[in-house]
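Worksheet for the structure shown next.
The values are calculated or read from the model by the stated rules, or taken from the named source; none is laboratory data. Just so you know, these numbers come straight off a predicted model, no measurement behind them. Here Cβ is always computed from backbone atoms with ideal geometry, including for glycine, and neighbour counts include all displayed protein chains.
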Amino acid sequence: MNEQTSAHNPVNLRLPDGSVRTFDGPVDGTTLAADIGPGLLKAAVAIKVNGETWDLSRAISADSDVAIVTKKDAEALDILRHDCAHIMAEAVQELFPDTQVTIGPNITDGFFYDFARDKPFTEDDLIVIEKRMHEIVARDEQIIREEWDRTDAIAYFKKIGELYKAEIIEDLPQGDTITVYRQGDWLDLCRGPHLPSTGKLGDAFKLMKVAGAYWRGDSKNAMLTRIYGTCWADKKALKAYLHRLEEAEKRDHRKLGREMDLFHLQEEAQGSVFWHPAGYTMWLQMEKYIRARLTEHGYQEIKTPQLLDSKFWEKSGHWAKFRENMFVVPDEVPSTDEDAPVLSGKAKLMALKPMNCPAHVQVFNQGTKSYRDLPIRFAEFGCCHRNEAHGALHGLMRVRQMTQDDAHIFCREDQITSETVNFCSLLSSVYRDLGFPEFKVLLATRPDMRSGSDESWDLAEARLEAALKETGLDYDFAPGEGAFYGPKLEFHLSDAIGRTWQCGTLQLDPNTPKVLGATYIGEDGAKHAPVMLHRAVLGTLERFLGIMIEHYAGRMPLWLAPTQAVVTPITSSADGYAEEIYNRLIAAGVRAELDLKNEKINYKVRFHSHRKVPAIFVVGGREEEDGTVSVRRLGSKHSNVQIASEAIDALVAEGRMPNGTA
RNA sequence: GCCGCUGUAGCUCAGUGGUAGAGCGCACCAUUGGUAAUGGUGAGGCCGGGAGUUCAAUUCUCCCCAGCGGCACCA
């Protein structure tokens, strides 16, 4: 496009309603909006030109399809947020001139900007910065787009001490137009588009938190100081967002874990969970359910050692590729001599298993396997230890001692597809049973650090993709995200508040069986290496239970609820009848409790509701006389009087474990 | 591991250079009630750990540790 020569040609702009407006020469979005009407001019934030979002101030010199973007449009939010980031950067540099800007992209629900500064920002600084941002909005500074020469731009940013910006420009592909946006006395390298002036941003923004972040996301680089913010089209949307955050906080499994007395963590065992009776009841129910589903899908459960010789891990490849995540234990009797060190440092090293796969190969390797034996599916609720970085630990979601619903399928190459299809069907029915009907699939390909030849990777990736196609599931790619021994499928489920979690995985591993000498006798009488499929549906019990707690906000489905029903009398005169109902519930296999506490019924209903007990059976003189119970279900404001035996039967029926047909 | 913030009773949190307080919970007493808090009394704390400054440190300084929010890593 040549704006110089087209200056004399008329420009026809077609609006979304199909009407066309003709201008004598190049025209910008502001002029167009003004031409259409003052209301639109006021609401305009940008303009779409042939599907591309432009600044309102940018001249359009050729015939185009155009649409004025207003705050109501979805793409406006991107512009507002990015402008908000710029205004924040301007405020920061006005207040703290010793700060360099780096990058400031939009993210879900907001934006951040990373700054380079000797002294990181604090929460207190945010208040001051936010105040200055409002002032910059009030100043209504015009935002001007400029195209700069690359060399000049680099020289300029170097001159003003913005070394990170200069580095960014140096790395931009040759031929890219370098654009700079000015607002008032401040300017920044940016692709745009932006609002015509800072005043258009409005006041629906808030700075959220400060954090450290590495330059270019690499832990070898300098630590920058990042400020997160959120920005919305209006105050109402901002308020709604903040409310959403509060609601998410209420579901926090760490908070609910304490309130519901499910588990705790303490510093002497950081990253390892102390499960309380209530929490472990959930665990056992989940384990029982998964075990049943695995058995039904032809898996055999095994149990393998925790502690294995480091020589073993050398052979499996973990010592080279995974050692920094492993807990190493010397095989030595510790010294009891007060003056001597406890350990000599010379002992043979053992390591706690970080994965179950090599041990499963050992079980496979016992005896001779025929091609007729395959596939062999070994499952284990394998307890693994990984030395996760301190900063990574997070409640149940990220722990150092974890139990996977792990299994390894040893199969022939011609069985890969059927095993993959079989697994995907198991996985989707489990997710449906557990309340997660929505999930996405990613095919993760070879990482930089890997074992095996490129040829074997080519083949493995092709095989896995072909098998995935057979399942009929939609999928995307996750380049470079594969395991070190093979490509994998990642299953990401969506929870009740729209977050996604990677839980399930299926990994195609042609390497480990070879490395550990696994073979079977083929139809041809020769030895062949089986293919190994590593797979998990939940991932880890710890994390999955954490996800379930947050997904259900603690209101677990009846079959998982630690206590399913509490029986409690109105007055102590009904204690005997309450106890009778309680005994009948227990006899029927219901996880029931009897609450004979000397409190009013209001108090007891409130107390057990807070504990998220799904059913409260209230009994008094009337119920005792009629052989009924008054059932109050969690979340309901009403109670329902039922014949005792019917109420018990109904609870038993509802509390049955899902079986994949749900 | 890196950056920042925080650490006081079982939980949620006040507070002070002169060794601590509330609400809930807990125990006991009274109360016997109809579906989200009955009233009273009481017990309960090495103020995260260690060093330093000070006549005196929970409070100020430094160093650890842990938790939290991110980053990096990741199930």
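What about A:F436, is it crowded, with 16+ Cβ neighbours inside 10 Å, of a type in the set (A, V, I, L, M, F, W, C), modelled with pLDDT of 95 or more and assigned to a loop (DSSP other than H, G, I, E, B)?
Spelling it out, A:F436 is indeed crowded, with 16+ Cβ neighbours inside 10 Å, of a type in the set (A, V, I, L, M, F, W, C), modelled with pLDDT of 95 or more and assigned to a loop (DSSP other than H, G, I, E, B).
Can you confirm whether region A:257-264 contains a residue that is within 10 Å of RNA strand B (Cβ to nearest atom) and aliphatic (A, V, I, L, M)? Taking every residue of region A:257-264 in turn, none turns out to be within 10 Å of RNA strand B (Cβ to nearest atom) and aliphatic (A, V, I, L, M).
Within region A:366-376, the presence of a residue that is charged (D, E, K, R), surrounded by 12 or more Cβ atoms within 10 Å (Cβ to Cβ) and under 30 Å from the mean Cα position of the chain (by Cα) is excluded. Residue under question is A:A46, and the condition is that it be assigned by TED's automatic domain parsing to the domain that holds A:T122 and modelled with pLDDT of 90 or more; does it hold? Spelling it out, it is not the case that A:A46 is assigned by TED's automatic domain parsing to the domain that holds A:T122 and modelled with pLDDT of 90 or more. When you scan region A:400-416, do you find a residue that is within 30 Å of A:L558 (Cα to Cα), near RNA strand B (Cβ under 10 Å from one of its atoms), assigned to a strand (DSSP E or B) and free of Cβ contacts under 8 Å to residues at least 60 places away in the same chain, even just one? Checked against the condition, which is being within 30 Å of A:L558 (Cα to Cα), near RNA strand B (Cβ under 10 Å from one of its atoms), assigned to a strand (DSSP E or B) and free of Cβ contacts under 8 Å to residues at least 60 places away in the same chain, region A:400-416 yields no hits at all.
A count restricted to region A:37-63 and to residues that are surrounded by fewer than 18 Cβ atoms within 10 Å (Cβ to Cβ) and of a type in the set (S, T, N, Q) stands at 1. A residue that is in contact (Cβ under 8 Å) with a residue 60 or more places away in the chain and at positive phi can be found somewhere in region A:294-310.
Taking every residue in region A:103-114 that is assigned by TED's automatic domain parsing to the domain that holds A:T225 and within 18 Å of A:V92 (Cα to Cα) and pairing it with any residue that is among the β-branched types (V, I, T) and within 11 Å of RNA strand B (Cβ to nearest atom), at least 6 positions away or on another chain, the pairs with Cβ-Cβ distances below 8 Å are A:F112/A:I227; A:Y113/A:I227; A:D114/A:T225.
Going through (1) within 25 Å of A:T295 (Cβ to Cβ); (2) free of Cβ contacts under 8 Å to residues at least 60 places away in the same chain; (3) surrounded by fewer than 18 Cβ atoms within 10 Å (Cβ to Cβ); (4) small (G, A, S) one by one, A:S428 falls short only on (3). Confirm whether A:P358 is in a loop (DSSP other than H, G, I, E, B), closer than 20 Å to A:H534 by Cα and modelled with pLDDT of 95 or more. No; evaluated as a whole, the condition is false for this residue.
The set of residues in region A:231-253 being of a type in the set (D, E, K, R) and over 23 Å from the mean Cα position of the chain (by Cα) consists of A:D234, A:K235, A:K236, A:K239.
When residues in region A:245-295 are screened for being surrounded by fewer than 16 Cβ atoms within 10 Å (Cβ to Cβ) and basic (K, R), 5 of them pass. Remark: A:K250 falls outside the filter, which requires a residue to be without any contact (Cβ under 8 Å) to a residue 40 or more places away in the chain and either of a type in the set (D, E, K, R) or in contact with a Lys or Arg (Cβ under 8 Å, 6 or more places away or on another chain) (or both).
Please verify whether A:V210 is within 16 Å of RNA strand B (Cβ to nearest atom) and not aromatic (F, W, Y), treating the condition exactly as stated. Answer is yes for this residue. Of the helices (runs of 4 or more DSSP H) lying entirely inside region A:517-635, those containing at least 3 residues that are surrounded by fewer than 14 Cβ atoms within 10 Å (Cβ to Cβ), within 11 Å of RNA strand B (Cβ to nearest atom) and more than 26 Å from the chain's Cα centre (by Cα) span A:601-610, A:621-626. Apart from one condition, A:T540 fits all of (1) under 18 Å from A:V441 (Cβ atoms); (2) in contact (Cβ under 8 Å) with a residue 40 or more places away in the chain; the exception is (1).
Every test in (1) within 16 Å of RNA strand B (Cβ to nearest atom); (2) under 30 Å from A:A462 (Cα atoms); (3) assigned to a helix (DSSP H, G or I) is passed by A:G382 save one, and that test is (3).
Matching residues to (1) in contact with a Phe, Trp or Tyr (Cβ under 8 Å, 6 or more places away or on another chain); (2) in the same structural domain as A:V441 (by TED's automatic domain parsing):
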{"residue": "A:W501", "(1), (2)": "no, yes"}
{"residue": "A:G504", "(1), (2)": "yes, yes"}
{"residue": "A:D509", "(1), (2)": "yes, yes"}
{"residue": "A:P530", "(1), (2)": "yes, yes"}
{"residue": "A:Y577", "(1), (2)": "no, no"}
{"residue": "A:R584", "(1), (2)": "no, no"}
{"residue": "A:G589", "(1), (2)": "no, no"}
{"residue": "A:L596", "(1), (2)": "no, no"}
{"residue": "A:K604", "(1), (2)": "no, no"}
